[in-house]
Amino acid sequence: MEYKLEQSGAMGILTIDGELTVQYADELKSALLKSLDNVDHLVLNLAKVTSIDLSCLQLLCSAHRTSGKLNKQLSLLGGRPEALQQAAKNAGYLRHVGCNYDAHKDCLWKERST
C-alpha cells in the first residue's frame with residue numbers, strides 16, 4: 001500500500017494504491033486519521049487499489065462515520081473502483097439508503113442511481 005495526501009485549503013485528496021488488506025490496516029488507519037485531522041473534506045482516490053479485504057472496508061466505514069461526527073465530509077473520487085465494489089458486495093456492505101452519521105445522508109456503500 002502506498003498513499004499520498006494532496007491538500008488545497010480545507011479539501012484534500014488521499015490517493016491510495018496497491019493492496020488494502022489486513023497487513024496494511026494500521027497504515028490505512030493512520031493515513032485516514034492524519035488526513036481527516038488536516039482537512040474538512042477528504043476525497044479518497046482508490047482507483048489504483050488492487051484488492052481490499054473486510055478489515056479495510058471496516059476502516060473506511062469507520063472513517064466515514066468519524067468524519068460525520070466531526071462535521072467533516074469523506075467521499076470517493078469517481079465512485080467505487082471495481083476492487084472496492086466487489087469487496088463491498090461480497091461483504092454485504094452495499095446499501096440503498098445513506099448513513100445516519102452523515103449530514104448529507106450519504107454512504108460509501110450506497111448504490112447510486114444511474
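The values are calculated or read from the model by the stated rules, or taken from the named source; none is laboratory data. Here the structure is a predicted model, which is why all the values come from computation and not from measurement. Please note: Cβ atoms are built from the backbone with ideal geometry, for glycine as well, and neighbour counts cover all protein chains shown. Areas reflect the complete protein model, heavy atoms only, side chains present, ligands, DNA and RNA absent. Shrake-Rupley method; radii C 1.70, N 1.55, O 1.52, S 1.80 Å.
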Quiz prompt | Odd one out for S67 among (1) under 19 Å from Y93 (Cα atoms); (2) among the polar types (S, T, N, Q); (3) surrounded by fewer than 18 Cβ atoms within 10 Å (Cβ to Cβ) | solution = (3)
Exercise. Go through the residues of segment 91-109 one by one and say whether even a single one is touching a Lys or Arg at 6+ places or on another chain (Cβ under 8 Å), modelled with pLDDT of 90 or more and not aromatic (F, W, Y).
Key: no
Quiz item: List pairs: first in segment 91-114 and outside any loop (DSSP other than H, G, I, E, B), second modelled with pLDDT under 70 and surrounded by 12 or more Cβ atoms within 10 Å (Cβ to Cβ), Cβ under 6 Å, 6+ apart or cross-chain?
Solution: K110/G98
Practice problem: Take L84 and decide whether it is outside any strand (DSSP E or B), open to solvent by 20 Å² or more (accessible area, probe 1.4 Å) and in contact with a Leu (Cβ under 6 Å, 6 or more places away or on another chain). | Solution: no
Quiz prompt | Unique match (being modelled with pLDDT of 95 or more, among the hydroxyl-bearing types (S, T, Y) and within 14 Å of the chain's Cα centre (by Cα)) among S35, S67 | solution = S35
